[in-house]
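One structure is given here, and the rest of the page talks about it.
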Amino acid sequence: MRILGLRENELNKINGYFTCTEMINQPNLWLEGVKIIGEHKQEIQKFMDRMNSIKDLKIFLVGAGSSAKAASIVENYIRRVTKKEVHCISSTNLITQPDNYIIGDEPVLLVSFGSSGNTIEGLEAVEIFQERCKELYQLLIICSDEGEMVKKYGAKEGVLYIPIPPGTKGKSIAATGEFTLLIQYGLLLFDIQNYDYYKELFQNASRDAARFFDKDIYKVHSIANQPYDTIAVLGSNSLAFLAEEMCLKITELTGGLQSSQFHSVLEFRHGPKVVMNSKTLVSFFFSRDPLTMKYEIDMLKECSEDKRKSTIVAVSMDYVSEIDAHCDYYFHFNGNGFPYRDDAHIVFLYSLYLQSFSILKAVNLGISPDTLGNNAGGFINKVAQGVNIYKK
């Protein structure tokens, strides 16, 4: 049996089994997540109807690390769906200067994004909101019901917690399913009235993911087996946050040995494009929005003309011949022609490319993906340690 194109015994030998299997299991988790949310549909709708009826309600999306990136990806979509004031704040920023973010005495819905529910900054963020808000509601999007966040707040009045599929919180330090499931729940909980659309979306995404793992994974091998001075990942709007998360995966899984950077697509020509003077892997995440894509294709053409020693990879949902003509490798996912409505809805498939690349690049560099904390000299932990909390 092969996983990401690697034999299972090879993965065990290099300590990569858990990271790889958790990564390729994501489509199963997506389907299970839709099922669980469907079972709680009435409870979710009742809570959201209540939130939507509250005048001047502010919504705060809070998380740390990959969880903060997941929150940032869904922020714009939640704002459009709810027509409410929505703020996405990393808890690592919030706890240092809460006065910058919590202003006024309007009712607040605090949405906590997290993997374990044990992150010190995330728990402190809840206490800060409790101290400063006269009327506070909570939505917990947490991958484990065994953490302090769910145990402490999950059953309280004015709090909604819907379990995420068991097994989402894996053994690997690098978040893969933990990242995409947070996005899935963030979208579905706030857009529960369109449940049937999401059910069909994830059925299609799962089929497209299977095709990627079966066929396209060998193109990823070819890309990962080349040496790069740096890797630049580009995306617009919500996809810029996906680019940021993918750079984090590259850094984590290679034990800090592979340099990477993220930019919005149009920002790249404002200086950062100079990295193409060296051997650089430039990866484009293309929007499904026609207007946005016009700007992005212009940037792709510019990079193609100036590529020098660089390698260009393009990722889009539907096949676009103009994109294909200006890149070295091209991944296009939407084999079933599904009508995806927003860029936040396509990150599930887009993430598969650089998640798998990060694992394969680690293997190429002789790094063990399952023990990356040790690879990095013990510098990092799955749940950040050593955080001291200070009060004014």
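Among the residues of the range 110-129, none qualifies, meaning not one is part of a helix (DSSP H, G or I), in the same structural domain as Ile164 (by TED's automatic domain parsing) and polar (S, T, N, Q). Restricting attention to the range 13-56 and to residues that are touching a residue at least 12 places away in the same chain (Cβ under 8 Å) and of a type in the set (Asp, Glu), the residue that is nearest to Lys361 (Cα to Cα) turns out to be Glu22. Among the residues making up the range 48-67, those that are of a type outside the set (A, V, I, L, M, F, W, C) and closer than 15 Å to Ser115 by Cβ are Gly63, Gly65, Ser66, Ser67. Looking at Thr280, Thr251, just one residue is surrounded by 19 or more Cβ atoms within 10 Å (Cβ to Cβ) and free of Cβ contacts under 8 Å to residues at least 12 places away in the same chain, and that residue is Thr251. In this structure, Gln203 does not satisfy being touching a helix residue (DSSP H, G or I) at 6+ places or on another chain (Cβ under 8 Å) and without any contact (Cβ under 8 Å) to a residue 40 or more places away in the chain.
Of all residues assigned to the range 221-236, at least one qualifies as being assigned to a helix (DSSP H, G or I), polar (S, T, N, Q) and not assigned by TED's automatic domain parsing to the domain that holds Gln26.
When every residue of the range 336-357 is checked against the conditions, none turns out to be modelled with pLDDT under 95, under 19 Å from Ile231 (Cα atoms), assigned to a helix (DSSP H, G or I) and not β-branched (Val, Ile, Thr). Can you name every residue in the range 1-60 that is more than 30 Å from Pro107 (Cα to Cα) and of a type in the set (D, E, K, R)? Once the filter is applied, which keeps residues that are more than 30 Å from Pro107 (Cα to Cα) and of a type in the set (D, E, K, R), the range 1-60 yields Arg2, Arg7, Glu8, Glu10, Lys13, Glu22, Glu32, Lys35.
Being more than 16 Å from Val233 (Cβ to Cβ) and either at pLDDT below 95 or within 23 Å of the chain's Cα centre (by Cα) (or both) is the filter here; which residues of the range 291-306 pass it? Write out each step before concluding.
Here is the first cut: in the range 291-306, the ones more than 16 Å from Val233 (Cβ to Cβ) are 291-295, 297-298, 301-302, 304-306.
Across the range 291-306, the qualifying residues are Thr292, Met293, Asp306.
Any residue in the range 164-174 that is farther than 25 Å from Gly104 by Cα and of a type in the set (Ser, Thr, Tyr)?
At the first step, the residues of the range 164-174 found to be farther than 25 Å from Gly104 by Cα are 164-174.
The next check asks that each one be of a type in the set (Ser, Thr, Tyr); those that pass are 168, 172.
Looking through the range 164-174, at least one residue is farther than 25 Å from Gly104 by Cα and of a type in the set (Ser, Thr, Tyr).
Within the range 208-231, being among the β-branched types (Val, Ile, Thr) and within 19 Å of Arg2 (Cα to Cα) holds for Ile217, Val220, Ile223. If you take the residues of the range 49-77 that are in a helix (DSSP H, G or I) and out of contact with any Leu (no Cβ under 7 Å at 6 or more places or on another chain), which of them is surrounded by the fewest Cβ atoms within 10 Å (Cβ to Cβ)? Of everything passing the filter in the range 49-77, Ser53 is surrounded by the fewest Cβ atoms within 10 Å (Cβ to Cβ).
Can you confirm whether the range 149-158 contains a residue that is in contact with a helix residue (DSSP H, G or I) (Cβ under 6 Å, 6 or more places away or on another chain) and either hydroxyl-bearing (Ser, Thr, Tyr) or surrounded by fewer than 22 Cβ atoms within 10 Å (Cβ to Cβ) (or both)?
No, the range 149-158 has no match at all.
Being over 30 Å from Ile173 (Cβ atoms), in contact with a helix residue (DSSP H, G or I) (Cβ under 7 Å, 6 or more places away or on another chain) and outside the structural domain of Ile346 (by TED's automatic domain parsing) is a property that Asn76 lacks.
The values are calculated or read from the model by the stated rules, or taken from the named source; none is laboratory data. Source: prediction; values computed, not measured. With ideal geometry, Cβ positions are generated from the backbone for all residues, glycine too; neighbour counts draw on all protein chains shown.
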